[in-house]
Amino acid sequence: MSEPASGPGQAAGFPPWPALVEARRAREPRVPFFVRGAAVGSVAKAHLPALRAFAEAVRIDDAGVHALHDDPSDALAPVNLALREAGLVRAWRDELFALPHPATLQTLGRIERAAARFWGTLTLGAHANGFVRGADGRPSHLWIAQRSFAKATDPGKFDNLIGGGVGFGQTPRETLVREAFEEAGLAPHEAAGARAGHVIGLARDIPEGYQQEWLYAFDIELPAARTPRNEDGEVAGFRCLPVQDAASLAAGDAMTVDAALVTLDFLLRQGCLPDAEAAHLSRALAALLVLPPR
């Protein structure tokens, strides 16, 4: 895929919003990865020679890479371990994700979370903006997390109050409730009232491979006196920022791409941006929105 000369948000007078550009930045040549005849992901052309050693699990032809089993879960598990040893699967998690059909979300198998980036398969993420409402009834502040400097991906970058990958057998909302406690110390009843925002699609090269992901955005209102508390060691700290400061953070590159997009979506939906900026951002963000099956 060729890179555009200028990305969304590049027009004069508006923030650069690098997250909007990064969400669709893909340069590495890739070929489709098929399961049951459906293209469910993609593999970097540079990695095809390494896959030829696994003829019991995949077949390679001019069309791409084909899983040889209707449910490739067990066959791919040793392949992924070997790819890890070869340094081609990075940031191993020992955590299973679903391997879904990207058009229907039908689960076709299970896959190690880190290996999903090698195979370019669709993953789901659940993120929540934690906000405080001002005296005028409008959002006045956003809680922003800073990722632990020991994280395997994006260490030290700023993040939403809550964010996590949707594990095998879970829904985005179930993941949100789990992550709400682990990352911010919120009880299930505090996360239960989260309001759903948009679903934002990413398709981009990252150091671990290829991120094809749907980000399910949620909003959680917190009382002014409620302070998040991390429980799992994955957050270095929290900041409660005025909305405009959070907007400036999301407009730069100090925030993860995922979190910046979810923050921008919140600011747009809540009417927190000047009209001209909001209209420009709305057009740019619309290109990233996906409509999942209901």
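Residue under question is G120, and the condition is that it be in contact (Cβ under 8 Å) with a residue 24 or more places away in the chain and surrounded by 22 or more Cβ atoms within 10 Å (Cβ to Cβ); does it hold? Judged against the criteria, G120 is a match.
Here's the yes/no breakdown for (1) in a strand (DSSP E or B); (2) in contact with a Cys (Cβ under 9 Å, 6 or more places away or on another chain); (3) buried (at least 16 other Cβ atoms within 10 Å of the Cβ):
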residue	(1), (2), (3)
T175	no, no, yes
R178	no, no, yes
V199	yes, no, yes
G233	no, no, no
C240	yes, no, yes
A247	no, yes, yes
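Given the options L76, L142, name the one that is buried (at least 20 other Cβ atoms within 10 Å of the Cβ), touching a residue at least 24 places away in the same chain (Cβ under 8 Å) and assigned to a helix (DSSP H, G or I).
On the way: L142 fails: assigned to a helix (DSSP H, G or I).
From the options L76, L142, the qualifying one is L76.
Looking across the range 79-114, the residues that are surrounded by fewer than 17 Cβ atoms within 10 Å (Cβ to Cβ) and over 22 Å from the mean Cα position of the chain (by Cα) come down to L81, A82, E85, A86, G87. Of all the criteria given as (1) surrounded by fewer than 17 Cβ atoms within 10 Å (Cβ to Cβ); (2) in contact (Cβ under 8 Å) with a residue 40 or more places away in the chain, the one not satisfied by G193 is (2). When the test is whether a residue is under 23 Å from P172 (Cα atoms), under 23 Å from the mean Cα position of the chain (by Cα), aromatic (F, W, Y) and crowded, with 16+ Cβ neighbours inside 10 Å, F33 does not pass it. In summary, G109 fulfils each of the numbered conditions (1) out of contact with any Asp or Glu (no Cβ under 9 Å at 6 or more places or on another chain); (2) in a strand (DSSP E or B); (3) outside the structural domain of A247 (by TED's automatic domain parsing) with the single exception of condition (1). Here is the figure for the range 249-275: residues that are without any contact (Cβ under 8 Å) to a residue 24 or more places away in the chain and exposed (fewer than 14 other Cβ atoms within 10 Å of the Cβ) total 2. Taken together, the residues in the range 81-103 that are closer than 22 Å to W214 by Cβ and touching a strand residue (DSSP E or B) at 6+ places or on another chain (Cβ under 9 Å) amount to 12. Yes or no: the range 163-173 includes at least one residue that is out of contact with any helix residue (DSSP H, G or I) (no Cβ under 7 Å at 6 or more places or on another chain), at pLDDT 95 or above, under 21 Å from A196 (Cα atoms) and of a type in the set (G, A, S). Within the range 163-173, one or more residues are out of contact with any helix residue (DSSP H, G or I) (no Cβ under 7 Å at 6 or more places or on another chain), at pLDDT 95 or above, under 21 Å from A196 (Cα atoms) and of a type in the set (G, A, S). Could you list, in sequence order, the residues of the range 145-173 that are crowded, with 19+ Cβ neighbours inside 10 Å and either in a helix (DSSP H, G or I) or of a type in the set (V, I, T) (or both)? Passing the criteria: I162, V166, P172. Under the condition of being out of contact with any Pro (no Cβ under 9 Å at 6 or more places or on another chain), assigned to a helix (DSSP H, G or I) and among the aliphatic types (A, V, I, L, M), which residue from the range 36-73 is surrounded by the most Cβ atoms within 10 Å (Cβ to Cβ)? This residue is L51. For L281, state whether it is over 18 Å from G130 (Cβ atoms) and either assigned by TED's automatic domain parsing to the domain that holds A187 or part of a helix (DSSP H, G or I) (or both). Criteria met by L281. When the range 217-243 is filtered for residues that are out of contact with any Leu (no Cβ under 9 Å at 6 or more places or on another chain) and within 29 Å of V290 (Cβ to Cβ), the ones remaining, listed by number, are D219, E221, D232, E234, V235. Residues that are among the aromatic types (F, W, Y) and either touching a Gly at 6+ places or on another chain (Cβ under 8 Å) or in the same structural domain as L88 (by TED's automatic domain parsing) (or both) do not occur anywhere in the range 177-190. Filter the range 284-294 for residues that are out of contact with any strand residue (DSSP E or B) (no Cβ under 6 Å at 6 or more places or on another chain) and in contact (Cβ under 8 Å) with a residue 24 or more places away in the chain; which is nearest to K151 (Cα to Cα)? Here the answer is L285.
The values are calculated or read from the model by the stated rules, or taken from the named source; none is laboratory data. Not measured: the values here are computed from a predicted model. FYI the Cβ positions are ideal-geometry reconstructions off the backbone, even for glycines, and counts take in every protein chain you see.
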